[in-house]
Structure formats: structure tokens, C-alpha cells
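Engineer: Sharing a structure below in C-alpha cells format, with a few things to ask.
The values are calculated or read from the model by the stated rules, or taken from the named source; none is laboratory data. Nothing here was measured: the structure is a model prediction, and the numbers come from that model. A quick note on method: Cβ atoms are made from the backbone with ideal geometry, for glycine too, and the neighbour counts reach across all protein chains shown. Each accessible area value is taken on the protein alone, full model and side chains, heavy atoms only, with ligands, DNA and RNA left out. Shrake-Rupley method; radii C 1.70, N 1.55, O 1.52, S 1.80 Å.
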Amino acid sequence: MPKNYFYLAVGILCVLFAVTHTLNGISASLPALDNSTIDNNAKAVFTYVWHIIGIENLVIGITLLIMSFQKDLLKVKFAAWVIIALLAMRWLVIAIITLKSNGCDLIQILPDTVAIFVVIVLIVIGTRTKAKIEIK
């Protein structure tokens with residue numbers, strides 16, 4: 001039985017984000033590289049960076065799923081804050097690079113922004129959840 005439903009929900013979301021990110025890359029983004037004149041080294045970098053993000057999402061999701069079943073929620077609170085910091089820094093990099101590349105076209109990162117902030121808020125709420133004392 002899960003001890004923290006917020007971590008459980010976010011874990012499921014992150015696993016789904018990993019799957020959809022990877023499938024989107026395989027079906028749309030990465031094939032577009034084959035039809036471009038981009039240098040092969042740049043194609044390789046883009047491809048592995050794409051997959052790194054998918055794997056990060058998967059690892060974060062699995063970690064949160066495991067954390068959701070931990071009896072002592074204080075022991076996993078630090079991991080939750082590390083995940084929050086990682087996601088916040090990921091969003092900051094996305095926002096800065098978008099601003100530098102496209103001027104003020106932040107509307108293009110709206111889906112990423114919503115997803116990251118929903119996950120961060122749910123994890124923060126999860127860190128505030130008190131463990132219920134089980135009576136035997």
C-alpha cells in the first residue's frame with residue numbers, strides 16, 4: 001500500500017513522460033535529423049541528449065514510485081528535494097536557451113513548463129505529507 005500518493009502519482013506521470021518523450025523522438029524529432037544537412041556529430045549529440053532526457057524521466061519516475069511505498073517518509077524527503085532541484089534547473093536551462101534562441105517566444109515551452117511545474121508542485125505537496133501511524 002502506498003504511503004505517499006503524491007509521489008505515486010508523480011512517479012506514474014514521469015514514467016509516462018519518459019515513454020511519450022521517447023516515442024515522440026523516435027516518430028517525429030529524430031527522423032527529421034536524417035533529412036537535414038546537420039553534421040553527423042551534431043546529429044549524434046542531439047540523439048543522445050534526446051534519449052538522456054527520456055532516461056532521466058524514467059529514472060525519476062521509478063525513484064518516485066519506490067519512494068511512494070517507503071514507510072519512513074523522512075528518509076526519502078532529501079531525494080524528493082534533489083528531484084525538485086533537478087527539474088527546476090532543467091526548466092531554467094530550457095527557458096534560458098529558448099529566450100536566447102527565439103527572443104521572447106516562450107509560448108513554445110508552455111507544455112514543458114506546465115508539465116515540470118505540475119510535477120514540482122505535486123512533489124512539494126508530497127514532501128509535506130505526514131506518514132500515517134499504522135496501528136497493529
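Engineer: Tell me the Rg and the Dmax, in Å, that the Cα atoms of the range 1-69 produce.
Structural biologist: Cα radius of gyration and Dmax of the range 1-69 are 15.5, 52 Å respectively.
Engineer: While we're here: Each residue of the range 13-22 in turn: what ³J(HN,Hα) in whole Hz from Karplus with 6.51, -1.76, 1.60 and θ = phi - 60°, glycine and Pro shown as x?
Structural biologist: Once θ is set to phi - 60°, the couplings for the range 13-22 become 4, 5, 5, 5, 4, 4, 5, 5, 4, 5 Hz.
Engineer: Would you mind getting the accessible area per residue of the range 19-118, heavy atoms of the protein chains only, 1.4 Å probe, in Å²?
Structural biologist: On the way: 6530 Å² over 100 residues.
I get 65 Å² per residue for this part.
Engineer: Based on the Cβ-Cβ distance from ASP34 to ILE94, what FRET efficiency comes out when R0 is 22 Å, to the nearest 0.05?
Structural biologist: Details: r = 25 Å, r/R0 = 1.12.
Once rounded, the FRET efficiency stands at 0.35.
Engineer: With only Lys, Arg, Asp and Glu charged, each at its Cβ (+1 for the first two, -1 for the last two), find how big the charge dipole of the chain is about the Cα centre; round to the nearest 20 debye.
Structural biologist: That gives the chain a dipole magnitude of about 820 debye.
Engineer: Enter the Cα centre distance for the pair the range 55-106 and the range 1-53, rounded to the nearest angstrom.
Structural biologist: 14
Engineer: Taking 0.36 nm per residue of sequence separation and subtracting the Cα-Cα distance, how much length would be gained by fully extending the chain between ASN102 and ASN41, in nm to one decimal?
Structural biologist: Values: separation 61, 0.36 × 61 = 21.96 nm, distance 2.36 nm.
That pair, ASN102 and ASN41, stretches by 19.6 nm at full extension.
Engineer: What angle do you read, to the nearest 10 degrees and between 0 and 90, between the alpha-carbon axis of helix 74-102 and the longest principal axis of the chain?
Structural biologist: 20
Engineer: Continuing with this model, one more query. Note down the nm distance, to one decimal, between modelled labels 7 Å out along Cα→Cβ at VAL59 and at THR20.
Structural biologist: Simple spin-label model gives 2.3 nm for this pair.
Engineer: While we're on this one: On average over all directions, what projected area in square nanometres does the chain have, based on the convex hull of its Cα atoms? Please list the in-between numbers first.
Structural biologist: Values: hull surface 37.4 nm².
Averaged projected area of the chain's Cα convex hull equals 9.3 nm².
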